[in-house]
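Right, one structure below, let's go through it.
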């Protein structure tokens, strides 16, 4: 190959690299920013973030009232509710050694049953909704796919995650925290270990279960699992 051709190819390669880097930078500046503050029925304020074409709350929901002002029920954190019909409850996770209710509420928000989050009175702020299973998949796909999405969405460090908090980058400002779960038989586990969030979509093979999202402290992926409706999970609302 002539030197002139080699030089031309080198210049084209360099220009192509600059073009790609420029486009990546522009995309990050356009889509991965804190967009606005959201306020719920009780005046709790939340950060929000634009990720692709979606706008997500960047914190877990804390509200104890529906949009019409009715209280969302609650019961003892350790009570067995597996036989309750459509329980509409919310709790702060205070399981095990982690009994700082006020601190846990501020850091992780509340845990809700699926009946509470899908009640027609609505728990998300006006103009927001519980994301569907497909909307969660859309988020995962945008940030790189299931194998790495957990790391891209998790808050970095060990303040709200156990070590090793594998691959956490919080690249998109979603700031997922490990709020754990509330078991249907009472009590819970996984605070600082797992983050579990509801979708609005029932599992197609068993209407007693629901599609949900799991991020963990020791894996970089996002998991889509099915949970019983009486379990207590965290909530992230999505803008309509």
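Being surrounded by 17 or more Cβ atoms within 10 Å (Cβ to Cβ), over 20 Å from the mean Cα position of the chain (by Cα) and part of a loop (DSSP other than H, G, I, E, B) narrows it down to one residue among 81, 123; which is it? Only one candidate passes the filter, namely 81. Comparison of 5, 68 shows that the only residue that is modelled with pLDDT of 95 or more and exposed (fewer than 10 other Cβ atoms within 10 Å of the Cβ) is 68.
Of the candidates 224, 219, 174, the single residue that is under 24 Å from residue 51 (Cβ atoms) and assigned to a strand (DSSP E or B) is 224.
The values are calculated or read from the model by the stated rules, or taken from the named source; none is laboratory data. Values in this document were obtained by computation on a predicted structure and should not be read as measured data. Positions of Cβ are generated from backbone atoms using ideal geometry, with glycine treated the same way; all protein chains shown enter the neighbour counts.
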